[in-house]
Structures are given as structure tokens and as C-alpha cells.
Amino acid sequence: QVGCYLGFAQTWHCLLHKCTDEKNSKKIRVLNALIGMIQKFPYEDPTYDKLQEDLEKIRGKYKQVCSMLNIQSDFRASTERPSLTF
């Protein structure tokens with residue numbers, strides 16, 4: 001999950017880095033904050049006492065980024081196939 005957030009954030013950072021207007025600079029700052037939080041996350045230490053707390057903060061920042069980018073934060077694929085109607 002955290003790796004997915006990191007890939008998402010890095011991809012959008014690269015896409016927005018090309019446009020340097022005021023709106024995108026705010027988005028880039030929030031993306032940088034998310035990337036920084038993820039890079040500090042202790043992947044190798046399952047006994048880390050603030051693991052759940054930090055994970056919730058990362059999820060919250062991810063949702064903030066999605067909101068700023070006007071992207072749905074829930075990427076669940078539908079198992080139903082669209083049906084044809086006539």
C-alpha cells in the first residue's frame with residue numbers, strides 16, 4: 001500500500017514539475033510532503049510503536065493529494081461488467 005502511494009506521488013510529481021504555475025507549485029509541495037512521509041516510514045521495523053499512526057497520516061496526506069488533483073482516491077476495480085443496452 002505504501003509503495004503504491006509512493007509510485008503515485010512520484011509520478012504526479014514528475015508530471016506537475018513541468019508546469020510551474022502557482023496552482024501546481026502548491027500541489028508539488030503537498031506531493032513532496034507525502035513523498036517525505038513515505039521515505040521516513042520504517043518498512044523494516046514491525047515493532048515500531050507508531051506504525052498505525054504514521055500509516056494513517058500517510059493515508060490522510062494521500063487523500064489530500066487526490067482531492068487537490070481531483071482524482072478519486074478509491075481505485076477499486078468493479079467486478080461487474082458493463083452491459084449493453086439497446
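Counting only other residues whose beta carbon sits under 13 Å from that of residue 59, what net charge do I get with K and R as +1, D and E as -1? The partial results should precede the final answer.
Details: positive: 57, 61, 63; negative: 53, 54, 56, 74.
Combined, the nearby Lys, Arg, Asp and Glu give -1.
Per-residue ellipticity at 222 nm for the chain, helices alone: DSSP H runs ≥ 4 residues times -39500 (n - 2.57), over residue total, nearest 500 deg cm²/dmol? It would help to have the intermediate numbers written out before the result.
Working: 3 runs with 54 residues, N = 86.
Taken over the chain, the calculation gives -21500 deg cm²/dmol.
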**Complete:** Restricting to lysines and to Cα separations under 23 Å from residue 40, and discarding same-chain partners fewer than 8 apart, the set is 26, 27, 50, 57, 61, 63
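Only the coordinates and a few stated rules stand behind these numbers; no lab work does. Worth saying up front: this structure is predicted, and the values here are computed from it rather than measured. Heads up, the Cβs are rebuilt from the backbone with ideal geometry, glycines too, and the neighbour counts pull from every protein chain shown.
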